[in-house]
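The structure under discussion appears below in the form of structure tokens.
None of the figures in this text is laboratory data; all of them are computed from the coordinates on show. Everything numeric here is computed off the predicted structure, so don't read it as measured data. A quick note on method: Cβ atoms are made from the backbone with ideal geometry, for glycine too, and the neighbour counts reach across all protein chains shown.
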Amino acid sequence: MSFMQPSPVKYACSCGILNPINKLFFCRHCPKLRCGYCVTHEIESHFCSNCLENIPSTEARHKKNCCANCFDCPCCQHTLSARATTVPVVRKSEESKDAKKPEDESGDSPAAASTPPTPASSKPSAVPTTKKMYYLSCLSCRWTSRDAGIPDQGVATGTWPDNECLYQARFNSLVEYFQAVVLQEKQEKMEFMRRKTPKQHKFPSLTDRTGLTVSLIRRQMGWNDKTIPKAKAVITPAEATAEVEELPADIFTEPLNLRNVTTIAQRHSQPADQPTAVSSLYPQRRTLWIKRSLRCRQCEHNLIKPEYHPTSIKYRIQLFASCHVPEVVMVRCEQSLASGKSNAILLKFTNPTMYDMTIRLLTTAPTEDAEPAAEGSRIKEEPVSSSPHLRAAGITLSRQNSTREVKREVTDVSNAEIVPLESEFVLSQRDDSKEFDEYVQLPTEEPKFIVWRKGNKVLIRLQFTPAEELPANTDVVLGFAMQYTYVNTVTNAPEKKEPTTHALYSRVFINAGATEQKAN
Ligand SMILES: [Zn+2]
Ligand SMILES: [Zn+2]
Ligand SMILES: [Zn+2]
Ligand SMILES: [Zn+2]
């Protein structure tokens, strides 16, 4: 099984979407599988992936989410690097006085000058000096900033000119206008809330970034509020026009050279002006990357929380499903697949946890018993509103995670009959030190379906029969519910400290391969 290939084993998330285990998370508090749609994504920090500089979010917004120092090649989107060249600066004797800079060597000091402290005064009058100049160059495609006509700079970073696009002023006025509209709407909403629920919350939200907090505090202190200017529509609506620029005359006469025409990717990387000619490509500021933290939408606990610093790839909280849920790997089928022909598949189970697991394979998913169903309907009725202090503050932040859980039915795509295993089996706990031990197979009584067992891994043989009516070249999908015991070290109830054991189950679907062509 190649690393790059999609996994044939998929787990059903609690929302009903099938995913390989490495794309799933496990909420220990719920305890359920969560996929990318079942979690809220929050931005933890902004950073530049090239220079690894950490940039606070306000500054990132101000810089339009671009790094100030790093540039991408407009040609191949590789990172540009600053190259230094030495440019000879020939100074004529009569110019030297006013052109001379403090860091320059004084070797070109003329003999006729009135200040002769340099010993080089005996040299010829025009001595070439060199000056370091920088240009941006792509090490991947050899594009340089000289191709765009950008003059070399005396400093390596910080001085590169931005290309202002044609519509920059228009963009700016639109941004300004909509910022004012948002501010006004927010103010009206706050004013409305204040009149509706007087003095219910003492402390204004600190997450507010529009400056309204300041006015609220001023009002609470009894100071007169600075009147926020009302946003007035000051933009002129865009008008469609039928007059377009004429095509250049030589477009019909000159042969087209595709090397001078930009590709779609190049145009998209420069969205403001989208140049058609290669000559108008301009170095683009590198866009910032983010570190995300993920939060369960149901219980609002963090599932993933990365370390803050960009150079660290570690996590403070990492509830990946592959660290908590037994991993199923498809090894092989014993025979080639044919419809209606009995077959067996070898599956490897791995226990990633520090506790023994008892696994039972159920051919049908356990019917949602009364308790979870009731819970599900309760969740559907009541929107999961935010944490208690937010509610107490009377401020409903329009957070993304106030969505309700929508349960999809897992569309049962299984098209093979599975022979149930005679019994359940135990997966031993993960013990990293055991990997290095000389393993001695203890003569234990094992169920017949277990092929081998080593450490926390078990290979089992599962018999199945693809459905009778399957046409050739159809993927055979085995579906079963894997029930496993999970020892939870965190508890929702504070008075209970000892770990609790749950019997959880997840539905697993395995794509065993395509049925072979029938020979007839
Ligand atoms: Zn999901
Ligand atoms: Zn950077
Ligand atoms: Zn390049
Ligand atoms: Zn949760």
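Would you list 25, 349, 192 from fewest to most Cβ contacts within 10 Å?
192, 349, 25
Over all Cα atoms in region 299-368, the spread is summed up by Rg and Dmax: 18.7, 56 Å. What is the log10 of I(q)/I(0) for region 133-192, computed with the Debye formula using one identical point scatterer on each Cα and no solvent, at q = 0.16, 0.17, 0.28 Å⁻¹? Results for region 133-192 at q = 0.16, 0.17, 0.28 Å⁻¹ read -0.69, -0.72, -1.08.
Using a/c under 1.5 as the rounded threshold, could you call region 1-92 rounded, prolate or oblate? The axes a ≥ b ≥ c are square roots of the C-alpha gyration tensor eigenvalues, and prolate needs a/b larger than b/c, oblate otherwise. Each step should come with its number before you reach the end.
On the way: a/c = 4.80, a/b = 2.27, b/c = 2.11.
Prolate, since a/c reaches 1.5 and a/b exceeds b/c.
Taking the Kirkwood radius as Rh and the Cα radius of gyration as Rg, region 227-332 has a ratio of Rg/Rh equal to 1.23. Each Lys or Arg adds one and each Asp or Glu subtracts one; over the other residues with Cβ under 13 Å from the Cβ of residue 329, this totals +3.
Is there a pair in 348/454; 10/341; 23/348; 23/314 whose C-alpha atoms are over 21 Å apart, and which pairs would that be?
On the way: 348/454 11 Å; 10/341 24 Å; 23/348 19 Å; 23/314 17 Å.
Result: 10/341 exceed 21 Å.
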